[in-house]
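Below is one structure; the comments refer to it alone.
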Amino acid sequence: MKKIVTLCCLSLLMNSLAIGQIVDPVKWKFKAIKVDANIYEIHYTATMESPWHIYSQSSSKMGSSPTVISINKHKQIKPFGAIQETGKLISKYVEILDVTLKYYQESVDFVQKVKIKGNLPVTVQGNIEYSACKDEQCLPSASIDFSILLEQSISASRTLLSCWLL
């Protein structure tokens with residue numbers, strides 16, 4: 001009898017562990033690229049497992065949860081221009097909702113330009129809200145915080161030093 005009770009308890013424990021696993025089909029990577037003296041491009045790159053997708057920033061709020069990227073206010077960081085999206089944009093009209101949904105599968109790179117005032121290093125912090133969906137299923141909206149250190153480019157310093165030595 002003790003063996004049966006133990007076996008049932010183990011079975012229930014295994015089932016609850018399997019059900020409790022969190023599905024996370026979207027992986028994020030962050031990087032900064034110096035493009036001018038005080039200008040950086042911040043890259044927020046999402047990679048989605050097949051067949052999952054995430055919505056464009058410009059997707060209809062009526063039928064989706066558009067991706068929203070927010071940068072925390074900082075006296076040395078000034079975002080400028082719209083956040084650009086690079087990837088294969090898919091537009092799909094949903095008749096029952098009378099909306100066109102815009103989303104990315106596989107991967108998308110969101111790029112924001114920022115101007116830096118003052119000395120480096122500076123840390124850009126913020127948050128991304130997004131929703132991962134597939135076919136007829138969407139996960140609850142997710143939120144991820146990010147922190148990206150902007151610092152003087154070593155290669156740029158070496159180039160400047162090399163030019164000065166010539």
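FYI, it's all coordinate maths here, none of it is from the lab. Everything quoted here is computed from the prediction, not taken from an experiment. Heads up, the Cβs are rebuilt from the backbone with ideal geometry, glycines too, and the neighbour counts pull from every protein chain shown.
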request  = Give the long-range amide H neighbours of residue 72: residues separated by 5 or more places, or on another chain, with amide H under 5 Å away, using H modelled in the peptide plane at 1.01 Å from N.
outcome  = 125, 126, 127
remark   = Cα-based Rg and Dmax for region 46-127, in Å, come out at 15.7, 53
ask   = Cα to Cα, under 20 Å, and not fewer than 8 places away if on the same chain: which lysines meet these conditions relative to residue 113?
value = 29, 31, 34, 73, 75, 78
query = Placing +1 at every Lys and Arg Cβ and -1 at every Asp and Glu Cβ, with all other atoms neutral, what dipole size does region 15-154 have around its Cα centre, in debye to the nearest 20?
reply = 680
ask   = Given H placed on each backbone N at 1.01 Å, which residues far from residue 132 in sequence or on other chains put an amide H within less than 5 Å of it?
value = 139, 142
